[in-house]
Amino acid sequence: MKNIVISNIGKKYKRYPNKWSRLAEWSTGGRYCNHEERWALRGVSFDVQPGESVGIVGQNGAGKSTLLKILTGTTRPNEGSVYIEGNVVALLELGMGFHSEFTGKENAIMSCRMMGLNNEEILMGLPEIEKFSELGDYMDQPLRVYSTGMQVRLAFSVLTVVRHEIIIIDEALSVGDAYFSNKCIQRIRSFKEQGTTLLFVSHDPGAVKSLCNRAILIDQGILIRDGTPDNVLDYYNAIIAKKSKNEEIHQIETEFGRTSTRSGSGLARLVDIEMLDIAGQPARAFLVGDIAKIRCNISFNTSLENPTIGILIRDRLGNDVFGTNTYHLKIGKHSYKAGEYVTVVFTLSLNLGCGNYSLVTAVHSRDSHLEDNYDWWDQCLVFQVIPNDSFQFIGSAALPTKVEIQREHTDD
């Protein structure tokens, strides 16, 4: 017996060069066609047993959300078939189905009715929704005054007020605070123990490993791995670590890195910046504690005495995490002539917390770029730090830690 059977499904979308092309195709009944077809999913097949917990992982744009929308019936596949047995509830897009002018309680009642609960069940469930969400007086306030985290609290509390046979959750839980996310995970675990089937999309490897006994990996609309969370996530980490598979990260570089803030006199120029793994291969994804090399290629347009080359790592919020340069590292003095081309390599251990980071590089005089700034390149590239299974922690710094436990023995 299977809860869910997905057979060779595919979903494609039309992409028009402009709004007039869409109008022309519609008004001519399809005689005029000027669109490009893009497949969001193609040839995806898998099945899920009752009570199984399946994590769905993949980069942004891989097709994960499209798959969930097909499973919940909000969109239909262009090919293939979907079979689902059991009642399904889903938390996909934040606040979907909520009305901003209605209060939290009113939205909760409407959502419960949409899930098929009768008046008696809703009346019994409201106190539990209010208790679990911990929204207090905000339950009687219109939803437009809610923060995104408060909307997540309300949506998840409504979704799980009763146990369902199948629960589908997209990335919405990542919006909430750590305290409430932990409450959600505990409730999901309790449902799992009672036999609920779970489909869970997340970029958090820890959450996938904690909640799921199986994972599938989707890449560019194709299911490429199906197995244990450890094996699938290891493969996922491997492909995002390769430059050829770093399309998402390199796209960010194209849009934001290469055109970001850059200043300087131009007496020296940072020609190319690259991050390398321990084997010397270009990479954008590293495990916590991995050795990385930052290679800076610099051309000199005039002769310079003792220029300083520096690097600075920033987190996703733009906070400085770590920076150093050849001046602070007391690298020997060097002079360069006009037309000379130099490669400088920084080797460091990425003892950083999991997350996305950007790199700043600079060429200047003495200890700071504030005096003689030759070239300052902000967000010249971005990279990702992913979990290392042997060392779990929270925060932005991975500090090697030893623990000693001493037990005091007493005479009986």
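The values are calculated or read from the model by the stated rules, or taken from the named source; none is laboratory data. All values derive from a computational prediction rather than experimental measurement. Heads up, the Cβs are rebuilt from the backbone with ideal geometry, glycines too, and the neighbour counts pull from every protein chain shown.
Numbers for the structure displayed
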{"item": "So residue 61, is it under 31 Å from the mean Cα position of the chain (by Cα), in a strand (DSSP E or B) and at positive phi", "result": "no"}
{"item": "Region 140-156 - residue that is closer than 19 Å to residue 114 by Cα and modelled with pLDDT under 90 and, of those, nearest to the chain's Cα centre (by Cα)", "result": "152"}
{"item": "Pair list, Cβ < 7 Å and 6+ apart or interchain, from region 26-49 residues that are over 19 Å from residue 78 (Cα atoms) to residues that are exposed (fewer than 12 other Cβ atoms within 10 Å of the Cβ)", "result": "34/17"}
{"item": "Contacts under 7 angstrom Cβ, first residue in region 126-149 being assigned by TED's automatic domain parsing to the domain that holds residue 101 and farther than 19 Å from residue 184 by Cβ, partner exposed (fewer than 12 other Cβ atoms within 10 Å of the Cβ) and not polar (S, T, N, Q), 6 or more apart", "result": "142/101; 144/101"}
{"item": "The one condition in (1) over 14 Å from residue 82 (Cβ atoms); (2) assigned to a helix (DSSP H, G or I); (3) among the β-branched types (Val, Ile, Thr) that residue 70 fails to fulfil", "result": "(1)"}
{"item": "Options 123, 92: the member that is surrounded by fewer than 21 Cβ atoms within 10 Å (Cβ to Cβ) and touching a residue at least 60 places away in the same chain (Cβ under 8 Å)", "result": "92"}
{"item": "Residue list for region 138-162, restricted to those being of a type in the set (D, E, K, R) and over 13 Å from residue 102 (Cα atoms)", "result": "153"}
{"item": "Filtered residue count, region 294-344, keeping only those that are surrounded by 12 or more Cβ atoms within 10 Å (Cβ to Cβ), part of a strand (DSSP E or B) and of a type outside the set (Gly, Ala, Ser)", "result": "22"}
{"item": "Restricting region 14-47 to residues that are part of a strand (DSSP E or B) and in contact with a Ser or Thr (Cβ under 6 Å, 6 or more places away or on another chain), the residue that is nearest to residue 165 (Cα to Cα)", "result": "45"}
{"item": "Pairs, first in contact (Cβ under 8 Å) with a residue 40 or more places away in the chain and outside the structural domain of residue 364 (by TED's automatic domain parsing) in region 313-326, second loosely packed, with under 15 Cβ neighbours inside 10 Å and among the small types (Gly, Ala, Ser), C-beta under 8 Å, six or more apart", "result": "none"}
